[in-house]
1. Here's a check for you: in the range 23-44, which residue that is farther than 17 Å from Ala11 by Cα and touching a residue at least 40 places away in the same chain (Cβ under 8 Å) is surrounded by the fewest Cβ atoms within 10 Å (Cβ to Cβ)?
2. Just to be sure before I move on: is Gly8 in contact (Cβ under 8 Å) with a residue 24 or more places away in the chain and under 12 Å from the mean Cα position of the chain (by Cα) in the structure I sent?
3. Can you work out which of the residues in the range 78-87 that are under 16 Å from Cys22 (Cα atoms) and open to solvent by 20 Å² or more (accessible area, probe 1.4 Å) is modelled with the lowest pLDDT?
4. Taking the range 4-51, which residues are among the β-branched types (Val, Ile, Thr) and either assigned to a helix (DSSP H, G or I) or modelled with pLDDT of 90 or more (or both)?
5. Give the residue that is farthest from Gly8 (Cα to Cα), with candidates limited to residues of the range 52-68 that are outside any helix (DSSP H, G or I) and either open to solvent by less than 70 Å² (accessible area, probe 1.4 Å) or of a type in the set (Val, Ile, Thr) (or both).
Amino acid sequence: MNARPLPGADACVHCGLCLQSCPTYLALDEENDSPRGRIVLMKGLAAGTLDPADDAVALHLDRCLGCRACESARSEEHTSELQSHSFISYAVF
């Protein structure tokens, strides 16, 4: 797999402020279903260390509701924009 750039992914400092605003994280209490967990997954896809055909990766990314509640806690990262870029670039649905 070739590494691809993921603009804006490094803006997330993994502070966790977004966790309490994310409905899927609150319901499932699973780090991979949090905004910062999804950013880590998207960075792995971009770096080529995760396989876009991996059902577990697709499951966690697909569980995002797209509600953008995480953006109310952020300072710079745009999780929903990153996720859209990741879906388009890696065809993870």
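The values are calculated or read from the model by the stated rules, or taken from the named source; none is laboratory data. This is a predicted model, so every value here is computed, not measured. Neighbour counts are summed over all protein chains in view; Cβ atoms, including those assigned to glycine, are modelled from backbone coordinates with ideal geometry. Heavy atoms of the whole protein, side chains included, go into the accessibility calculation; ligands, DNA and RNA do not. Shrake-Rupley method; radii C 1.70, N 1.55, O 1.52, S 1.80 Å.
1. The extreme case among them is Pro23.
2. yes
3. Selected residue: His78.
4. Those that are among the β-branched types (Val, Ile, Thr) and either assigned to a helix (DSSP H, G or I) or modelled with pLDDT of 90 or more (or both): Thr24, Ile39, Val40, Thr49.
5. Among residues in the range 52-68 that are outside any helix (DSSP H, G or I) and either open to solvent by less than 70 Å² (accessible area, probe 1.4 Å) or of a type in the set (Val, Ile, Thr) (or both), the one farthest from Gly8 (Cα to Cα) is Asp54.
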